[in-house]
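Engineer: Have a look at this one.
The values are calculated or read from the model by the stated rules, or taken from the named source; none is laboratory data. On a predicted model such as this, the values are computed, not experimentally measured, just so you know. All Cβ positions, glycine included, derive from the backbone under ideal geometry; neighbour counts span all protein chains shown. With ligands, DNA and RNA removed, areas are computed over all heavy atoms of the protein, side chains included. Shrake-Rupley method; radii C 1.70, N 1.55, O 1.52, S 1.80 Å.
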Amino acid sequence: MAKIIGGLAVSHTPTIGFAVDHNKQEESAWAPIFESFAPMQKWLDEKKPDVLVYIFNDHVTSFFFDHYSAFTLGIDEQYEVADEGGSPRDLPAVKGHAALSQHIGASLMADEFDMSFFQDKPLDHGLFSPLSALLPHEGGWPTQIVPLQIGVLQFPIPTARRCYKLGQALRRAIESFPEDLNVAIVATGGVSHQVHGERCGFNNPDWDEQFVDMIVNDPERLTEMTLAEFATLGGMEGAEVIMWLVMRGALSANVKKLHQAYYLPSMTGIATLILENQSREAPYDVQQRQRDKIAQQMAGVEKLPGTYPFTQARSLKALRINRFLHRLIQPAWRERFLTDQKAMFAENKLTDEEQKLLRELDWRGMIHYGVSFFLLEKLGAVVGVSNLHIYSAMRGETLEEFQKTRNQQVLYSVAGKAKA
């Protein structure tokens, strides 16, 4: 079974990544940052966690306000470094543990957290700034990650209590994963700072010290505070410390504090913290109970003939071809698709199997492969094939045979009037 070995908490200010990239670790203004990171580096080197469940917030880089989620979980096998405006940092991509991510997602949904999921998105300094100081990365990172992005930039945002409860559900999710893995929870963000308006530059070291003490010894009391109270004490952007409560909720009630440090160089208080888990095995198999809960909603669906639920695993496998078909909503893309398929297939790195499925309009084969039906109907609209033709092909029937099973013999598609 997967085991949570401890939790780390660290600020994610871009200051950290800047100092790493410009080799400022020994300079007087920057050295205290890396002195506070040294115990965390040592702990990670000794414990060698297989996976870091990494809690952070994006800074309007990969997640924009046209579709903004409270809790969004990465389910990919790899995460690149995002370009935040001045080209990406020179860091390797970090591997994801897709199977654990997908299990966590299913478990959180079973526990009634309405999650959002992402794949094929680069990640910004919220993740890579502290990660680049915590772990060696020449030639690749020594661990895998499960990234959990919390939407804390556009209000309303989750409450402190909801974040703590998410952490408790995260513990159930991780510990019910059947593979033997050592997992560390990393929480980033904060501490006190404000980066907008006339209050820009606000800090409160006294509150930072009290907050860290309460995270260790009295996290429940922190969940009683409002977001306005967090902002009053720690600055508006400093309210993102509620993400630390996700980490703390995932640990046992009693923890062992191994390290704590604080440094305020400029705009953001930089705090570091190591908590070692002190959990005990329950006398009953609560992990199997959680796995049963996860499986309950879909139990029996495998007995339905000709039925292929569009799971995260299928989505990840078929992401390339699904994205290719999704772009058919763009007029220029579909015009080129009708005249220059071979070049488009090559440019988008479609596999031979994927190319064959598209060339032959193998509707049933594409469903088996993992293509969403709602992208098939877009393809049908472009090539002049009705939904009813697609349905009949998936059933292995002629259109006439399929129409006999319908109350009305009509044809339709999602194409607009001009195409129809």
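Engineer: Please report the antiparallel percentage of DSSP beta bridges with both residues in the chain, rounded to the nearest 5.
Structural biologist: 45 percent
Engineer: What's the percent breakdown of Cα-Cα distances in the stretch 159-223 across 10 Å bins, shortest bin first?
Structural biologist: 16, 37, 29, 13, 4, 0
Engineer: At 0.36 nm per residue, minus the direct Cα-Cα distance, what do A31 and S116 gain on full extension? Give it in nm, one decimal, please.
Structural biologist: Roughly 26.8 nm would be gained on extension.
Engineer: Now a separate question. Treating only the Cβ atoms of Lys and Arg (+1) and Asp and Glu (-1) as charged, compute the dipole magnitude of the stretch 277-327 about its Cα centre; round to the nearest 20 debye.
Structural biologist: Dipole of the stretch 277-327, to the nearest 20 debye: 400 debye.
Engineer: Taking 7 Å along the Cα-to-C-beta vector as the label spot, tell me the R221-E209 distance in nanometres, rounded to one decimal.
Structural biologist: Taking the simple label geometry, R221 and E209 are separated by 1.6 nm.
Engineer: In units of 2.2 N^0.38 Å, what is the alpha-carbon radius of gyration of the stretch 113-162?
Structural biologist: 1.44
Engineer: Given the pairs K42/K165; K3/K42; K165/K317; K95/K257, which are separated by over 23 angstrom at their Cα positions?
Structural biologist: As for pairs spanning more than 23 Å Cα to Cα, those are K42/K165; K165/K317; K95/K257.
Engineer: Could I have the simple spin-label model distance between D292 and F155, label points 7 Å from Cα toward Cβ, reported in nm to one decimal?
Structural biologist: Reported label-point gap for D292 and F155 is 4.4 nm.
Engineer: Here's a follow-up. Counting pairwise Cα distances across the stretch 33-113, what percent come out greater than 17 angstrom?
Structural biologist: 65 percent
Engineer: With N set to the residue count of the stretch 248-361, report its C-alpha Rg divided by 2.2 N^0.38 Å to two decimal places.
Structural biologist: Its radius of gyration relative to the 2.2 N^0.38 Å reference: 1.91.
Engineer: A further question on this structure: Summarise the accessible area of the stretch 142-197 (1.4 Å probe, protein heavy atoms) by the percent that is carbon and sulfur.
Structural biologist: Taking all protein chains in place, the stretch 142-197 shows 49 percent carbon and sulfur surface.
Engineer: Still on this structure: Report ³J(HN,Hα) in whole Hz for each residue of the stretch 49-61, in order, from the Karplus equation J = 6.51 cos²θ - 1.76 cosθ + 1.60 where θ = phi - 60°; Gly and Pro get x.
Structural biologist: Rounded to whole hertz, the list is x, 6, 9, 9, 7, 10, 9, 7, 10, 6, 10, 6, 10.
Engineer: Helix-derived [θ] at 222 nm for the chain: sum -39500 (n - 2.57) over DSSP H runs of at least 4, divide by residue count, nearest 500?
Structural biologist: The helix contribution divided over the chain gives -11500 deg cm²/dmol.
Engineer: State, to one decimal in nm², a quarter of the convex hull surface area for the C-alpha atoms of the stretch 92-233, i.e. the direction-averaged projected area.
Structural biologist: About 10.4 nm², averaged over all directions.
Engineer: Over the chain, give the accessible area per residue in Å² for a 1.4 Å probe, as an integer.
Structural biologist: Accessible area per residue: 49 Å².
Engineer: Which of the pairs K356/K378; K47/K293; K48/K256 have their Cα atoms more than 21 Å apart in this structure?
Structural biologist: Exceeds cut-off: K47/K293.
Engineer: Let me ask something else. Along the charge dipole of the chain, Cβ charges K/R +1 and D/E -1, which of T143, M366, H59 sits furthest on the positive end?
Structural biologist: Going by the charge dipole, the pick is M366.
Engineer: What whole-number volume per residue, in cubic angstrom, does the convex hull of the C-alpha atoms of the stretch 250-299 give?
Structural biologist: Cα convex hull per residue, to the nearest whole number: 113 Å³.
Engineer: Convert each backbone phi in the stretch 267-276 into a coupling constant with the Karplus relation 6.51 cos²θ - 1.76 cosθ + 1.60 (shift: θ = phi - 60°), then list the ³J(HN,Hα) values in order as whole Hz, x for Gly and Pro.
Structural biologist: 8, 10, x, 9, 10, 10, 7, 10, 10, 9
Engineer: Would you give the gap between the C-alpha center of the stretch 87-120 and the C-alpha center of the stretch 204-245, rounded to a whole Å?
Structural biologist: 26 Å
Engineer: Hey, can you grab everything whose amide H is under 5 Å from the amide H of D83? Only 5+ residues off in sequence or another chain; H modelled, so Pro and N-termini drop out.
Structural biologist: Correct list: empty.
Engineer: Same structure, new question: Hey, if you drop one equal point scatterer on each alpha-carbon of the chain and run the Debye formula without solvent, what base-10 log of I(q)/I(0) do you get at q = 0.11, 0.14 Å⁻¹?
Structural biologist: Debye output, listed in q order: -0.89, -1.23.
Engineer: Turning to a different aspect of this structure: Ordered by residue, what ³J(HN,Hα) values in Hz, to whole numbers, does the stretch 277-290 give under the Karplus form 6.51 cos²θ - 1.76 cosθ + 1.60, where θ = phi - 60° and Gly and Pro are x?
Structural biologist: So the Karplus estimates, Gly and Pro as x, are 5, 10, 6, 10, 5, 6, x, 10, 7, 6, 5, 5, 4, 5 Hz.
Engineer: Going by amide H atoms built from the backbone, whose H comes under 5 Å of the H on I4, apart from near neighbours?
Structural biologist: Placed amide hydrogens put V183 under 5 Å from I4.
Engineer: Extending each Cα 7 Å along its Cβ direction at E335 and S279, get the distance between those two points in nm, one decimal.
Structural biologist: The modelled label-to-label distance comes out at 5.6 nm.
Engineer: What residues have an amide H closer than 5 Å to that of G269, excluding those fewer than 5 places away on the same chain, when H is modeled at 1.01 Å from N in the peptide plane?
Structural biologist: Those qualifying (amide H under 5 Å, at least 5 residues apart or on another chain) are V191, S192.
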